[in-house]
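First the structure, in the form of structure tokens, and then the observations on it.
The values are calculated or read from the model by the stated rules, or taken from the named source; none is laboratory data. What you see is a predicted model, and the numbers here were worked out from it, not measured in a lab. Because the Cβ atoms are built from the backbone with ideal geometry, glycine has one as well, and the counts that use them run over all protein chains shown.
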Amino acid sequence: MTLETISLRSRRLPRFDVLFEPVQIGPVRARNRFFQVPHCNGMGYRDVSAHAEMRAVKAEGGWAVVCTEQAEIHYSSEITPFIELRIWDDQDIPAIARIADRIHEHGALAGVELAYNGMNGPNFYSRVAPMGPAHLPVATFTADPVQARRMDLADIADLRRWHRAAVRRSIEAGYDLVYVYAGHALGGIHHFLSRRYNDRIDAYGGSAENRRRLLREILEDTLEEAAGRAAVACRITVDELLGDEGITRGDIEEVIGTLGELPDLWDFVMGTWEDDSVTARFGEEAEQEQYVRGLKALTSKPVVGVGRFTSPDTMVRMINSGVLDLIGAARPSIADPFLPRKIEEGRFEDIRECIGCNICVAGDFTMSPIRCTQNPSMGEEWRRGWHPERIRPRTSEAKVLIVGAGPAGLEAAQALAKRGYEVILTEASATLGGRAAREARLPGLASYIRVVDYRVAQIRQLHMVERAQSSVTADEILDYDFEHVAVATGARWRADGVGRHHTRAIPLDPALPVFTPDDLMAGRLPEGERIAIYDDDHYYMGGVLAELLARAGRRVALVTPAHSVSSWTVATMEQHRIQRRMLELNVEIIASHAVIATDPDGLRARCVFTDRERSVAADAAVFVTARLPVDTLYRELTERREEWDDVGLQTVTAVGDCWCPGTIAAAVWEGHRYAQELDQPVHHGDTVPFLREATELADPS
């Protein structure tokens with residue numbers, strides 16, 4: 001036992017000791033119960049070094065097992081345009097080995113999720129016909145015009161051989177744990193298990209025994225190939241939530257009852273990714289417990305599951321009540337890669353709690369590097385050298401004034417203070433947090449207050465930050481002796497109809513009151529019974545405000561140029577839940593229409609396809625369109641540039657929404673970038689400001 005171990009144990013609250021017990025997983029041993037389950041990241045095979053460093057930071061943060069996302073085992077089942085790992089042949093070994101090596105450097109076990117996507121793979125890159133248990137359209141997120149062909153027995157034999165080859169490559173690359181993936185309706189084995197997809201009448205269909213035959217065979221193949229050199233995990237759907245049309249709890253009890261002792265670990269998931277990673281707006285912490293409770297009793301092997309676990313006490317309850325052996329996490333490990341260490345060290349105020357917004361998921365859906373509202377270093381560990389817990393020290397004695405304590409201002413203040421800079425943080429209102437604090441009062445968004453709480457808690461611990469409640473003017477700033485000024489005064493929602501569809505203001509009749517989200521978040525709800533919302537933003541705000549008004553007893557109509565409510569939230573996997581919520585609340589949805597004017601009786605809207613116009617009766621309107629930076633102070637200071645030298649002012653920077661309105665995640669990221677780059681040479685955009693990996697050209701011969 002090392003001195004460090006003794007020290008950590010002395011700081012750890014005894015009730016959390018169970019979380020730090022080692023767990024044997026077949027031939028390997030996890031140092032504690034914290035298990036980063038496989039999760040996508042938008043980097044995959046394209047940004048391997050960035051991917052490796054992201055996983056390495058989690059291993060450094062105390063996660064005992066750190067897994068990759070799904071790794072495609074064969075070119076006949078790939079999910080272009082999504083960017084996941086590939087392990088098609090030996091050419092891919094160096095890339096996946098780099099990830100395992102970096103995980104091992106910090107003492108964690110490395111796991112790889114081998115996936116034959118089957119009917120989830122449209123094969124747009126390989127152009128090979130997808131395969132599955134039946135002749136059916138592919139089960140993709142975007143209803144691709146591709147159909148899978150029914151696998152014959154020779155195809156199934158090929159699949160088993162391909163999977164064995166991927167296991168061999170994984171072990172050669174250094175992985176300690178190899179997955180058999182049968183979950184989320186994303187793996188081909190899931191499709192064979194499910195009545196929804198499997199209509200076969202041969203040895204691989206019909207009865208429950210036949211439908212699980214492929215799972216049993218691939219598990220046996222994997223164990224034989226691994227031969228004790230690596231643990232074998234099975235990630236399996238516990239319920240498709242389709243009743244007898246899909247995989248049921250009874251089916252899985254039978255699967256585990258018959259195959260329970262085959263793999264070294266069971267990883268329990270829901271039948272779709274959308275049901276496994278529900279946003280905080282629609283699901284509480286540990287929501288999956290109701291589906292997995294009792295399954296552990298069917299096997300002697302350790303089990304892992306997820307539930308957006310952020311509370312250490314909930315984690316302990318999962319273990320002590322016999323629900324799980326290992327605390328699985330994807331999103332909480334993204335929000336705080338050092339979550340295990342902070343629990344072990346009793347630093348609960350330093351934990352960045354996941355807010356369940358799923359902006360991380362959006363990275364995968366947009367094929368871009370993963371990002372996080374709470375953790376601005378996520379995805380930037382390698383390319384920008386950012387670390388969630390360490391930041392380079394200051395390079396000068398400069399003092400910094402930050403005007404505005406919203407997400408960007410709070411992040412900049414705490415990060416600069418950690419670098420050692422003296423910071424004055426001013427905020428005109430009595431409440432810190434800006435838009436994050438305001439939005440946290442809206443239906444379903446209470447978790448957003450964690451963005452504020454974490455940063456305020458950090459600032460309270462840092463003597464380098466002085467807070468002041470005041471509005472400051474350009475004259476006052478130029479009277480002080482600040483070397484740097486960051487203006488983080490946010491943005492305001494427009495009330496003139498300008499957004500994506502209209503880039504010029506639309507005609508507004510003054511007889512109809514027009515409100516913005518700012519009004520409603522300030523408590524100024526429209527009077528009258530009928531309220532029309534015009535949503536040309538397409539993220540969560542329009543749907544949230546419709547819910548707010550409907551619950552306040554208003555008759556709400558939501559007009560949008562998009563084909564559905566909050567259409568961009570497909571990328572956060574909640575659009576279908578938002579639409580259902582609107583229908584349950586009797587919100588009238590008027591899709592594919594743009595508001596072109598208001599009149600005393602409501603809105604005039606035009607179909608985006610036919611140009612036919614219609615009236616929408618309303619006593620008031622709420623416009624959720626575009627935003628404008630509140631940048632008056634910034635512009636006044638930059639217009640007085642000739643006065644800076646006289647007072648020693650070196651830089652004035654607009655930060656966050658004040659510079660360019662975006663998501664809360666974007667505001668936090670911009671605040672962090674400001675803090676990271678302060679006192680560095682000004683970058684004018686002539687060179688790429690971050691590392692990237694370029695494709696190595698093949699020999700043309």
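Observations on the model:
- Among (1) over 27 Å from residue 201 (Cα atoms); (2) in contact with a Pro (Cβ under 7 Å, 6 or more places away or on another chain), the one test that residue 130 misses: (1)
- Selected residue (only one of 688, 616 is in a loop (DSSP other than H, G, I, E, B) and either without any contact (Cβ under 8 Å) to a residue 24 or more places away in the chain or buried (at least 18 other Cβ atoms within 10 Å of the Cβ) (or both)): 688
- Qualifying residues in region 133-156 (those that are under 29 Å from the mean Cα position of the chain (by Cα) and either of a type outside the set (A, V, I, L, M) or part of a strand (DSSP E or B) (or both)) - the one surrounded by the most Cβ atoms within 10 Å (Cβ to Cβ): 140
- Selection count where residues are part of a loop (DSSP other than H, G, I, E, B), of a type in the set (A, V, I, L, M, F, W, C) and within 29 Å of the chain's Cα centre (by Cα), scope region 369-428: 7
- All conditions in (1) touching a residue at least 40 places away in the same chain (Cβ under 8 Å); (2) under 30 Å from residue 581 (Cβ atoms); (3) buried (at least 24 other Cβ atoms within 10 Å of the Cβ); (4) touching a helix residue (DSSP H, G or I) at 6+ places or on another chain (Cβ under 7 Å) hold for residue 339, with the sole exception of (2).
- Hits in region 265-295 - residues which are surrounded by 22 or more Cβ atoms within 10 Å (Cβ to Cβ), more than 28 Å from residue 575 (Cβ to Cβ) and of a type outside the set (A, V, I, L, M): 266
- Residue count for region 103-125 under the criterion of being surrounded by fewer than 24 Cβ atoms within 10 Å (Cβ to Cβ) and more than 16 Å from residue 70 (Cβ to Cβ): the result is 5.
- Of the residues making up region 653-685, those that are part of a loop (DSSP other than H, G, I, E, B) and modelled with pLDDT of 95 or more number 7.
- Number of the exception - residue 504 against (1) part of a loop (DSSP other than H, G, I, E, B); (2) out of contact with any Gly (no Cβ under 9 Å at 6 or more places or on another chain): (2)
- Test: residue in region 428-441 that is modelled with pLDDT of 95 or more, over 30 Å from residue 582 (Cα atoms) and crowded, with 18+ Cβ neighbours inside 10 Å: yes
- Selection status of residue 71, outside any loop (DSSP other than H, G, I, E, B) and more than 24 Å from the chain's Cα centre (by Cα): no
- Qualifying residue in region 635-645 (condition: in a strand (DSSP E or B) and either touching a residue at least 12 places away in the same chain (Cβ under 8 Å) or among the small types (Gly, Ala, Ser) (or both)): no
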